Amino acid sequence: MPPSEIVLGFHSLCLVKPAEDDDWYMGSLYDNGSIDCWAAYGDLYEALRGL
């Protein structure tokens, strides 16, 4: 994944907004700071509803 502009953490889940992409990605946020994304959303509203 390209560099992230925004990462919002919610316990073990996170939403990621890449710097060069308009989509938001949902994934797992691990203790070592790594992220494993599995879903993409067209905007922040959809991503928050997906949580």
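The values are calculated or read from the model by the stated rules, or taken from the named source; none is laboratory data. Nothing here was measured: the structure is a model prediction, and the numbers come from that model. Note that we place each Cβ from the backbone using ideal geometry, even for glycine, and neighbour counts take in every protein chain shown. Just so you know, the surface numbers come from the protein's heavy atoms only, side chains and all, with ligands and any DNA or RNA stripped out. Shrake-Rupley method; radii C 1.70, N 1.55, O 1.52, S 1.80 Å.
First compute the accessible area of the chain with a 1.4 Å probe, then give the percent of it belonging to carbon and sulfur atoms.
Roughly 50 percent, rounded to a whole number.
Quick one: net charge around Asp21, please, counting Lys, Arg +1 and Asp, Glu -1 for every other residue with C-beta under 13 Å from its C-beta.
Cβ neighbours under 13 Å give a net charge of -4.
Using a probe radius of 1.4 Å on heavy atoms only, what accessible surface per residue do you get for the chain? Whole Å² is fine.
Per residue, the chain has 68 Å² of solvent-accessible surface.
Mind putting together the pair-distance distribution for the chain? All Cα pairs, 5 Å bins, whole percent per bin, short to long.
Histogram of Cα-Cα distances, whole percents per bin: 5, 23, 36, 25, 9, 1.
Based on the mean of other beta carbon atoms within 10 Å per residue, what is the order of 21-30, 39-48, 4-13, most packed first?
21-30, 39-48, 4-13
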